[in-house]
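First up is the structure itself, then whatever we jot down about it.
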Amino acid sequence: MVLDMNKLKFTDENLIEIMKDYYKKYGGVQRSDFCAKNGLPSSSVYIKRFSSWNKSKELAGIPCIKRTDYKISPESLIEKFKEIVKDLGCVPSLNELDTIKEFPSLPLIYKHFGDYHNFIELSGFVNNRDGKKYKKDFLIDEIKRFVNEFNRVPNMKDFENLEGYPARKTFTNHFGNYNDAIRLAGFEPVGKNLKEFDEKYRNKDYLTRIIQDYISKYDKTPTLREINKEVDFNLKNLYRDVFGSWNKALTYLGLKLNSVSRYEDSFLESEFHRFFKENGRIPIYAEFNNSEYPSFWCYQSRFGSWNKAVVAYGYIPNDAHRKYELDDGEICASSYEFDISTWLKSKNIKYIRDVNYIDFIDGYKGKMNCDYLITYNDAKWYVEMAGFLRGTDFSKFSEAERNYYFKLKYKRTLLRRQGVNYVIIEPCDLKNKSYDELFHFIN
């Protein structure tokens, strides 16, 4: 027998508890979810009982989208989330985010992004949880982050009430034993006595011996990055605390300081070509900073500027201000767009360039635009040129490429949600498909 939820009598307390339980379980409360077929009281029952749906949510302690919140764009929501993650040092759970007053409104996540997982990805982060559980790799990284931040191995009490880190119980739940988690992170448990760690690592003998062992093994003076890679641990703060800085440690040993001149011209050129070979494009200067490659300052010091280095190696600079102009005055930002526009004109296809998303996406308040709006046989097609997206291996993407990838993913979400006709063209598509195949809707 199926119960008619609308004919059942609920007390005010029952209704509020049902809504609270639903919110706790799913992280959001949608009016359309509350219906008999879902085994829940109808939203109309709440409205009749409490005068409005938002009033019902308010009584249940669930945040509502305020009138002023509608002015908050999805981009602003993402930027605020990035600030919060930076302050916390990790991606918060939905319940944790709910307690942070600086975040505008949880319901806006569901309004603009569908669910919290999608919001995390579109913000450029990795979801560190499988369902309600943390991933073990993430917890291991959190232990390493603690060691890098505090220069010691954490004991159990450190994770009791440490803001921005998982709780101690989280480690024991996932690994069975806290000390096993410490060992899997590559450290030895120190218990209550931290003196042993300080005696072993925070002293000149140990820190100088690492450098000397590296020189004996590789016959060259290491950089701090090479030392960190050798011991699989970030020793920057230890060298700072013991010697004052990494360079002062080298001076203490009578070694030459690492400088731009340590790179030979042939090495700088081979590293540049290696990036091109692995990524199928020339790098932007930011990708040669704080990465596995020599700093872009090395190239700038050697050639006078980054673009001069690019030209010296036989490539065309990736100039953001470079434009391609057609005979009729249309300006294209890339050679891909130039070729597409030229082909469309040869087919007498009508199109509009750089159409603002705010003009055709309901509820969108940002500044993104679409490359092409093509009208053919009374149908409209929105076309995006993903010119900067090279390759499909996300693990090899630079930070700039990841930001571009998530922006493109967000655009795809908006287009799909709006229900419009759209095509996203990537460089690999231009290589493997004809224009007739790419623009299949044009007969």
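The values are calculated or read from the model by the stated rules, or taken from the named source; none is laboratory data. Only a predicted model underlies this, so the values are computations on that prediction, with no experimental measurement involved. Methodologically, a virtual Cβ is constructed for each residue, glycine included, from the backbone with ideal geometry; neighbour enumeration extends over all protein chains shown.
Output the number of residues of region 310-332 satisfying the condition of being under 16 Å from Pro283 (Cβ atoms) and either β-branched (Val, Ile, Thr) or modelled with pLDDT of 80 or more (or both).
Here the count works out to 7.
Restricting attention to region 159-172, and to residues there that are in a helix (DSSP H, G or I) and in contact with a Lys or Arg (Cβ under 8 Å, 6 or more places away or on another chain), which single residue is modelled with the lowest pLDDT?
Step one: list which residues in region 159-172 are in a helix (DSSP H, G or I), which gives 159, 168-172.
Add one more test, that the residue is in contact with a Lys or Arg (Cβ under 8 Å, 6 or more places away or on another chain), and what stays is 159, 168.
Values: Phe159: 78, Arg168: 73.
Looking at residues that are in a helix (DSSP H, G or I) and in contact with a Lys or Arg (Cβ under 8 Å, 6 or more places away or on another chain), I get Arg168.
From the list Asn6, Asn54, exactly one residue is part of a loop (DSSP other than H, G, I, E, B), modelled with pLDDT under 80, of a type in the set (S, T, N, Q) and surrounded by 11 or more Cβ atoms within 10 Å (Cβ to Cβ). Which is it?
After applying the criteria, what remains is Asn6.
Identify, please: which residue in region 86-124 is hydrophobic (A, V, I, L, M, F, W, C) and surrounded by fewer than 17 Cβ atoms within 10 Å (Cβ to Cβ) and is, among those, modelled with the highest pLDDT?
Ile100
If I filter region 10-32 down to residues being assigned to a loop (DSSP other than H, G, I, E, B) and modelled with pLDDT under 70, which single residue comes out as nearest to Ile47 (Cα to Cα)?
Gly28
Consider Asp137 against the criteria (1) at pLDDT 80 or above; (2) under 21 Å from Asp180 (Cβ atoms); (3) under 20 Å from the mean Cα position of the chain (by Cα): it satisfies all of them except one. Which criterion is unmet?
(1)
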